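Asks: First, the structure itself, so that you have it in front of you.
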Amino acid sequence: MNKKISTSIKRVDAGIKTGGAARYIGDIPFDGLLYGKIVRSSRARATIKSVSVPALPEGYYYIDAKDIPSGGRNRIEMIKDDWPVFADEQVRFIGETLGLLVGPDRKELNRLRDEVQVEYEDLTPVFSIEESEALKGGPIHGEDNTYADYRLKKGDPDAAFAKAARVIEDTVRTGFQEHIYMEPQGVVARTEDDGKLGIFFSGQCPFYVRHAVSATMGVPEDQVRVQQAVTGGAFGGKEHYPDVISTPLAVAARKIGKPIGLFFDRVEDISFTPKRHPSVTRFKTALDEEGNILGMDIDVRIDAGAYESCSMVVLQRAIFSVNSVYNIPNVKIRGRAFATNNVPSDAYRGFGAPQGLFAIEAHMSHLARAIKVDELKLKQQYLLKQGDVTVTNGRIHEEVKLPEIIQRIDEMSGYSKKLKEYTPGSWKGVGVSLFNHGSGFTGNGEQEIIKGVVKMRKRADGLVDLLVSNVEMGQGLQTTFRKIAAMVLELPVDSVVYNDPNTDLVPDSGPTCASRSIAVVGYLVQEAAKKLKDRWKESDIVEVRQQYEPPEGLIPWDQANLQGDAYPSYGWGANVIEVEVDPLTYEVTTKGIWAVHDVGVAIDEKVVEGQVDGGIIQALGYGSLEKLEVKEGRFQQKTMADYTIPTTMDFPKIKSALVDNPYEYGPFGAKGAGELVFDGAAAAFADAVQMAINGDVKQIPVTPEYIMEVREDGNN
Amino acid sequence: MATINFSVNGTSHAIDTDPLRRLLDILREDLKLTGVKEGCGEGECGACSVLKNGILVNSCMIPIGTCEGTEIITPEGLRETVQGKAIIDAYGESGAVQCGFCTPGMMMATEALLRKNPSPSEGEAREALSGNLCRCTGYDMIIDGVLKAAERGKGLW
């Protein structure tokens, strides 16, 4: 452990936030601010025949696709650009943007919105993966409704299945999850004094917003200035969605010439913003006479919703995660992202990995139950080691400390002892999960797409400007980035100036997502600081620049065939969860939560522990409480009263530890942590419940209603 | 329209307004006290917590018409007091703050608890903050912050 960097300091933003002085997007005063209200589709799949806007009072405006300047495009340029700014002739989901009403009074805007008359010609919508695959109503996208259809092969799975003594089939399902960042979405657009379009927003990726707005407006990127405001949580929900609302708002601000704010209330936010992709994963596993796993045939399907956005990349991470920490010798995997007429699914902490990891952990536990062996022993038989081949025929380049992680968590939690003490079906259970998470963009994204740049500047006053586009959104980056730079430069932490990014002032070091901020950009910060230290005495003002280069020794990535090293390094972890199930109500009480992680080296132990605590509780919400049902394209839960996230009372205190494993290309040896800590808790919870009730748990969330189904199915 | 006379953080106000407007909007829009946050608008999340005559309330659920003659304390008021400073310090040292959007409300709930019970147990702290939702921290460090404030600020409440 690098004691010096890992020793916690007080977060730099703690005081200003606690006392209520930090200014979030809704707290910033803008002179003469008007408000926007989105006019939304009420149909899931229909052709728009006509839109009739009521007579607008003076000072009110209706903005739609006709207002996009010439040279601009009615497309939101995200990873894909299939999502229109304003619906184009057809609507594909309930809540899709038709137009934007703008004016000074929000009540009046609501009244006017309710008076907009839209004439539709309905088409047959699809609301599930199964309906999409059956092409109900004809394809929404392409010929087969798949945005992406990938196949991976490792070893010789056909030969493995030909030799099998037994094949076990298993289907595992995961549901939607809503982010519930505490601060709903918000963005303000205005024309600046220098004529540029100014965007102020709550979110993760200032340069994504700049790119999308410039493409919609048909202006060069440097004519759009994006300023991040203090951001009240994001979790992936503010990775791409700010592009969806800042593009129509920019069109309106340019046309009207006044600043306009678009602020969602909670019901609008839950009802119409993207969610985590639901998934269905089918396993066929070939076993020999002794119960050894010969091979797996895995089919992963995700509900990507009405537009593709980033779903193919989510699917990639899902299928790369579906063998998790296991070296299964022969595997074939198919993954498909299906178009439906649900709200588009998009980024959410983990980005496909939680679905893949839950599926394989559930399946491994079902295999152990089926062949009556100790689950952890079965898993330990297949653990990845340094040099092993991944499902993309890349390699694990680092030392895998899972044996140490497992030993540590067993000591902390008493897992093995409790496993012997509790009888399956006695309403008490203990569950375990193992998992890993690749740091940074999938495949060659970092070198081919992002090409991150960091700048650092020694100022005449002796302070140092850290110029990056990555944002503080709660995860502690304001503190950890400063620590990395300050420790290299041997300066006090408060000598490093790191403001919420403004795209005119900072280089594009890429988005704040994919567990890349510390692992990838943090390394650039460290290297830039080393350069600056070397050149410190050159002059009063010295500026250095550091650009991303891939680590040496990787197997090059072949994007067309998804082959090579998908990630240069991984975080690793294990969770143990203990539960009691009420035999009458099937309510589950969590009695203990333990976690051990390898995140390389912690840049700040308290910041990492905060990620661990928050990630695990969010994942336990995903695994137990957070049921989000869709009916005819509408979410049935749309308030914080009916979509329930964990409170202080739902789970006990978490006991966690870190295993040190410095990574050569991470700052001070650090790897990614923010998503890894989400990845295991749902599976450990489900595993504990299945021991308590002695029945296979095959889906999350594990609600009392679902437990009743499992029990009534006769211990399936 | 009605004239509402009430005090906010020790300052008297007489506001002519629709008595059905939410206290939250009066504080944020009319008085520019933006430390009070709106997380849900339906009394579920506690981000808009303030003290009304010493009682913890969700200001999104309070029509201003019910505030005649009352004394309201917001995060802006509490942070200037020794008790508020003790809570802010304890939160900072405990790692209780991440995105910070729920935190001013958490601070108000902590103050309300410590006024009634200056040395709470972990369970009592959890119960007292159960009306305030946080999506970042998993709560453990916030509870640590409450207990640390009680310990450090012994005698303040």
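Asks: Please quote Rg/Rh for chain A to two decimal places, taking the Kirkwood radius as Rh and restricting both calculations to Cα atoms. Write out the running numbers ahead of the final one.
Replies: On the way: Rg = 25.4 Å, Rh = 26.3 Å.
Rounded to two decimals, Rg over Rh is 0.97.
Asks: Lysines near A:K428 by alpha-carbon distance under 25 Å, same-chain residues fewer than 8 away left out - which ones?
Replies: A:K372, A:K377, A:K379, A:K417, A:K418, A:K420, A:K591, A:K627, A:K653, A:K655, A:K698
Asks: Tell me the total accessible area that A and B bury against each other, 1.4 angstrom probe, in square angstrom rounded to 100.
Replies: Details: alone 26780 and 7690 Å², together 30660 Å².
Summing both chains' loss of accessible area gives about 3800 Å².
Asks: Taking all protein chains together and a probe of 1.4 Å, list A:M364, A:M708 from the most accessible to the least accessible. The partial results should precede the final answer.
Replies: On the way: A:M364 0, A:M708 85 Å².
Of A:M364, A:M708, the descending order of accessible area is A:M708, A:M364.
Asks: Follow-up. Which value results for Rg/Rh of segment A:28-96 when Rg is the Cα radius of gyration and Rh the Kirkwood radius based on the inverse mean 1/r? Walk me through the numbers before you get to the answer.
Replies: Working: Rg = 14.5 Å, Rh = 14.4 Å.
Looking at segment A:28-96, the ratio lands at 1.01.
Asks: Moving on. For chain B, take the longest principal axis of its alpha carbons; what is the angle in degrees between that and the long axis of helix B:103-116, to the nearest 10 within 0 to 90?
Replies: 80
Asks: Sticking with this structure for a sec: Averaging over every viewing direction, what projected area does the convex hull of the Cα atoms of segment B:2-74 cover, in nm²?
Replies: So the mean shadow area of the Cα hull is 4.0 nm².
Asks: At a threshold of 8 angstrom on Cα-Cα distance, excluding pairs fewer than six apart, so keeping six or more, what relative contact order does segment B:2-74 reach in percent?
Replies: That works out to 40 percent.
Asks: Follow-up question, since we're still on this one. With viscosity set to 1.002 mPa s and temperature to 20 °C, compute the Stokes-Einstein D of segment A:577-630, Rh being the Kirkwood radius across alpha carbon pairs; µm²/s, no decimals.
Replies: 160
Asks: Could I ask something else about it? At 1.4 Å probe size, with no ligands or nucleic acids counted, give the accessible surface of A:R369 in Å², nearest ten.
Replies: Solvent-accessible area, nearest 10 Å²: 70 Å².
Asks: Tell me, what is the 1.4 Å probe accessible area of A:K153, in Å² to the nearest 10?
Replies: 120
Asks: Limiting things to C-alpha atoms, what are the Rg and the maximum Cα-Cα separation (Dmax) for segment A:179-316, in angstroms?
Replies: Taking only Cα atoms of segment A:179-316, I get Rg and Dmax of 20.5, 76 Å.
Asks: Computed FRET efficiency, Cβ-Cβ of A:K655 and A:E421, R0 30 Å: what is it to the nearest 0.05?
Replies: Efficiency at R0 = 30 Å is approximately 0.95.
Asks: Using the Cβ atoms and a cut-off under 14 Å, what net charge is assigned to the surroundings of A:W427, where Lys and Arg are +1 and Asp and Glu are -1?
Replies: On the way: positive: A:K418, A:K428, A:K591, A:R711; negative: A:E421, A:E578, A:E580, A:D582, A:E587.
Computed value for this residue: -1.
Asks: How much net charge surrounds A:D194 when only other residues with a Cβ under 14 Å from its Cβ are counted (Lys, Arg +1; Asp, Glu -1)?
Replies: Details: positive: A:R190, A:K196, A:R225; negative: A:E192, A:D193, A:D222, A:D504.
Within the 14 Å Cβ shell, the charges total -1.
Asks: Ok, one more. Output the DSSP H helices from chain A with an along-axis C-alpha extent of no less than 20 Å and a mean Kyte-Doolittle hydropathy no less than -0.5.
Replies: A:241-256, A:353-371, A:605-620
Asks: Based on the Kirkwood radius over alpha-carbon pairs, what is the Stokes-Einstein translational diffusion coefficient of segment A:618-716 at 37 °C with 0.692 mPa s viscosity, in µm²/s?
Replies: So the translational diffusion coefficient is about 203 µm²/s.
Asks: Taking every Cα atom in segment A:547-656, find the radius of gyration and the maximum pairwise distance Dmax, and write them in Å.
Replies: 19.7, 60
Asks: When the helices in chain B are scored as -39500 (n - 2.57) per DSSP H run of 4 or longer and the sum is shared across all residues, what 222 nm value do you end up with, to the nearest 500 deg cm²/dmol?
Replies: -9500 deg cm²/dmol
Asks: If the cut-off is 26 Å between C-alpha atoms, which lysines fall inside it for B:K52, apart from same-chain ones fewer than 8 positions away?
Replies: Within the straight-line cut-off, B:K52 pairs with A:K17, B:K32, B:K37, B:K85, B:K116, B:K148, B:K154.
Asks: Related question: Could you give me D for segment A:432-490, from Stokes-Einstein at 20 °C and 1.002 mPa s, where the hydrodynamic radius is the Kirkwood radius over C-alpha pairs? Units µm² s⁻¹, please.
Replies: Answer from the Stokes-Einstein relation: 149 µm²/s.
Asks: In bins 10 Å wide, starting from 0, what share of all Cα pairs of segment B:79-152 does each bin hold, as a percent?
Replies: It works out to 23, 63, 15, in whole percents.
Asks: Could you grab the relative contact order for chain A? Cα pairs under 8 Å, six or more apart, rounded to a whole percent.
Replies: Relative contact order here is 16 percent.
Asks: Another question, then. List, largest first, the extents of the alpha carbons of segment A:1-49 along their principal axes, each in whole Å.
Replies: 66, 36, 14
Asks: Related question: If I model segment A:128-217 as equal point scatterers sitting on the Cα atoms and use the Debye formula, what is log10 I(q)/I(0) at q = 0.16, 0.17 Å⁻¹?
Replies: Relative scattering, expressed as log10 I(q)/I(0), comes to -1.01, -1.04.
Asks: Now for a different question. Can you quote the Å³ per residue value for the convex hull of the Cα atoms in chain B, rounded to an integer?
Replies: 94
Asks: Moving on. For the full complex of protein chains and a 1.4 angstrom probe, list A:E587, A:E404 by accessible area with the highest value first.
Replies: A:E587, A:E404
Asks: Kindly give the semi-axes, whole Å and largest first, of the ellipsoid equivalent to segment A:58-187, taking each as the square root of 5 times a Cα gyration tensor eigenvalue.
Replies: Whole-Å semi-axes of the equivalent ellipsoid: 44, 18, 17.
Asks: Moving on to the next point. Tell me which lysines have Cα within less than 16 Å of A:K153's Cα, excluding those fewer than 8 residues away on the same chain?
Replies: Cross-link targets: A:K284, A:K332.
The values are calculated or read from the model by the stated rules, or taken from the named source; none is laboratory data. Predicted, not measured: the structure shown is a model, and the values here were computed from it. All Cβ positions, even for glycine, are placed from backbone atoms using ideal geometry, and neighbour counts span all protein chains on display. The area values use the complete protein model at the heavy-atom level, side chains included, leaving out ligands, DNA and RNA. Shrake-Rupley method; radii C 1.70, N 1.55, O 1.52, S 1.80 Å.
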